[in-house]
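The values are calculated or read from the model by the stated rules, or taken from the named source; none is laboratory data. Just so it is clear, the structure is predicted and the values come from calculations on it, not from any experiment. Don't worry about glycine lacking a Cβ; one is built from the backbone with ideal geometry, like all the others, and counts go over all protein chains shown. All accessible areas refer to the heavy atoms of the entire protein, side chains included, with ligands and DNA or RNA removed. Shrake-Rupley method; radii C 1.70, N 1.55, O 1.52, S 1.80 Å.
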Amino acid sequence: MINSTPIVKALGAYALADPLPEGLPPIAQNESAFPPSPAALAAGQTALASAPLYPDPDWSDLRRVIADEHGVAPQSILIGAGSMELIAATFRAYLTPGASVVAGQYAYAYAATCAAQCGARWAAVEEPGFTVSVNALLAGVTSDTRIVFLCNPGNPTGTAIPAAEVLRLRSNLPDDVLLVVDQAYGEFADAQRGAIFALADRGDTVILRTFSKSYGLAGARVGWGVFPPDIAAQVRKLLTGSNVSGISLAMAQAAMADQGYMRDVVDRTAARRDALAARLRALGLEVPTSATNFVLAVFGDADTASAANVALRDAGLWLRPMGGYGLPNALRMTVHEDATHDRLIETLQQVLT
Ligand SMILES: *Cc1c(COP(=O)(O)O)cnc(C)c1O
């Protein structure tokens with residue numbers, strides 16, 4: 001018997017998302033309802049010719065366009081194979097077995113997996129009304145806490161707290177606690193992004209973003225973050241060298257340079273989302289106010305939610321059930337086309353009447 005380490009042995013088996021049958025609308029994983037910028041597709045085509053060569057291991061061109069667009073220093077940016085790689089590396093750099101990570105009860109589940117990979121304790125605090133409570137996060141901090149993980153806007157709730165609340169969280173946390181702000185949906189709630197990115201200047205806060213959602217490049221696997229210099233130096237030691245392909249880097253760079261296209265996608269997605277949420281509420285469902293590209297539909301009880309899920313799957317609509325988040329009475333649906341929304345509402349009408 002060859003033993004893996006005790007920490008790895010204690011982890012649950014790697015779980016794949018339910019594979020979506022061919023031809024059905026992708027509405028379970030919060031991918032964009034729109035294609036990426038045409039400029040990104042063209043850049044990817046051109047970059048195919050460089051496939052025989054290793055990519056730029058320092059991501060110089062992509063870091064420069066991100067830095068220009070966001071008013072941060074290029075050296076403060078790290079690029080990951082998705083922001084998932086950056087969450088994992090950041091946690092590994094700062095968590096020892098027995099340390100705790102404080103997060104809201106509905107925080108992004110992959111972060112809890114990353115904490116478990118370090119042998120750390122996931123200390124979840126209540127999110128009243130499906131919304132992160134800064135007071136609850138602060139109350140959850142103990143002498144063992146090394147990281148507070150804040151997903152804002154949140155997944156799977158969709159809700160956002162104002163920038164002022166994020167700043168209040170940071171200024172009331174102990175100096176030796178790292179705050180990781182996961183902004184995978186940040187472009188959908190960008191009003192005060194400057195104040196959020198400036199938190200990295202304090203030396204104790206990391207802000208993560210991704211090309212997977214608003215830029216429509218989930219398959220390219222590119223995430224990025226703004227890190228204080230000392231923290232960037234530590235986390236970078238744990239990233240795989242040449243972690244992102246040259247094709248993906250070229251696509252991300254062109255997508256970042258085409259802010260007009262991304263803003264249009266975000267606006268159109270938000271309009272469809274709000275219309276969908278209103279229709280779901282008219283059916284009597286609770287839908288927390290979403291600042292993302294998806295909605296959480298909360299049913300009266302778990303039985304109704306699972307009956308709805310069965311009927312929706314029969315209709316070719318594969319939503320994400322939320323039992324894993326302690327929400328067996330809820331389903332999460334990514335914003336898609338009007339025809340998909342119509343089919344969803346019709347199916348739910350039949351289930352609920
Ligand atoms: C989608 C998502 C991510 C990251 O995705 P990548 O594709 O790895 O960049 C991170 N956090 C949250 C909350 C997400 O929903």
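Can you tell which of Pro153, Pro174 is assigned to a loop (DSSP other than H, G, I, E, B), within 16 Å of the ligand (Cβ to nearest atom) and out of contact with any Leu (no Cβ under 8 Å at 6 or more places or on another chain)? Step through it out loud before you land on a result.
Values: Pro174 fails: within 16 Å of the ligand (Cβ to nearest atom).
Result of the check over Pro153, Pro174: Pro153.
Identify the single condition in (1) among the hydroxyl-bearing types (Ser, Thr, Tyr); (2) in a helix (DSSP H, G or I); (3) buried (at least 22 other Cβ atoms within 10 Å of the Cβ) that Tyr215 does not satisfy, given that it satisfies every other one.
Looking at each condition in turn, Tyr215 falls short on (2).
Kindly establish whether Leu41 is assigned to a loop (DSSP other than H, G, I, E, B), open to solvent by 50 Å² or more (accessible area, probe 1.4 Å) and not acidic (Asp, Glu). It would help to see each step written out before you state the result.
Numbers: assigned to a loop (DSSP other than H, G, I, E, B): no; open to solvent by 50 Å² or more (accessible area, probe 1.4 Å): yes; not acidic (Asp, Glu): yes.
In short, no.
Could you look through segment 97-123, keep only residues that are touching a helix residue (DSSP H, G or I) at 6+ places or on another chain (Cβ under 8 Å) and assigned to a strand (DSSP E or B), and pick out the one that is most open to solvent (accessible area, probe 1.4 Å)?
Once the filter is applied, the top-ranked residue is Arg121.
All but one of (1) more than 16 Å from the ligand (Cβ to nearest atom); (2) among the small types (Gly, Ala, Ser); (3) loosely packed, with under 11 Cβ neighbours inside 10 Å hold for Ala17; which doesn't?
The one condition Ala17 does not meet is (1).
For Val226, all conditions in the list (1) in contact with a Phe, Trp or Tyr (Cβ under 7 Å, 6 or more places away or on another chain); (2) farther than 18 Å from Trp59 by Cα hold save one; what is the number of the exception?
(2)
In segment 150-181, what residues are within 12 Å of the chain's Cα centre (by Cα) and either closer than 24 Å to Pro328 by Cβ or open to solvent by 10 Å² or more (accessible area, probe 1.4 Å) (or both)?
Once the filter is applied, which keeps residues that are within 12 Å of the chain's Cα centre (by Cα) and either closer than 24 Å to Pro328 by Cβ or open to solvent by 10 Å² or more (accessible area, probe 1.4 Å) (or both), segment 150-181 yields Cys151, Asn152, Pro153, Gly154, Asn155, Pro156, Thr157, Gly158.
For the condition under 30 Å from Gly260 (Cα atoms), of a type in the set (A, V, I, L, M, F, W, C) and at pLDDT 95 or above, what is the one hit in Ala160, Ala139, Ala191?
Details: Ala139 fails: under 30 Å from Gly260 (Cα atoms); Ala191 fails: at pLDDT 95 or above.
It is Ala160.
Give Leu276, Leu317, Leu312 a once-over and let me know the one that is without any contact (Cβ under 8 Å) to a residue 40 or more places away in the chain, in contact with a helix residue (DSSP H, G or I) (Cβ under 7 Å, 6 or more places away or on another chain) and not acidic (Asp, Glu). Quick ask: steps written out before the conclusion?
Details: Leu276 fails: without any contact (Cβ under 8 Å) to a residue 40 or more places away in the chain; Leu317 fails: without any contact (Cβ under 8 Å) to a residue 40 or more places away in the chain.
Of the residues listed, the single one that is without any contact (Cβ under 8 Å) to a residue 40 or more places away in the chain, in contact with a helix residue (DSSP H, G or I) (Cβ under 7 Å, 6 or more places away or on another chain) and not acidic (Asp, Glu) is Leu312.
What single numbered condition from (1) farther than 26 Å from Phe294 by Cβ; (2) outside any loop (DSSP other than H, G, I, E, B) fails to hold for Gly241?
(2)
Pick out the one residue from Phe197, Phe188, Phe211 that is without any contact (Cβ under 8 Å) to a residue 60 or more places away in the chain and aromatic (Phe, Trp, Tyr). Quick ask: steps written out before the conclusion?
Working: Phe197 fails: without any contact (Cβ under 8 Å) to a residue 60 or more places away in the chain; Phe188 fails: without any contact (Cβ under 8 Å) to a residue 60 or more places away in the chain.
Testing whether each residue is without any contact (Cβ under 8 Å) to a residue 60 or more places away in the chain and aromatic (Phe, Trp, Tyr) leaves just Phe211.
Kindly provide the set of residues from segment 64-96 that are open to solvent by less than 30 Å² (accessible area, probe 1.4 Å), within 16 Å of the ligand (Cβ to nearest atom) and part of a helix (DSSP H, G or I), ordered by number.
Ile66, Ser83, Leu86, Ile87, Ala88, Ala89, Thr90, Phe91
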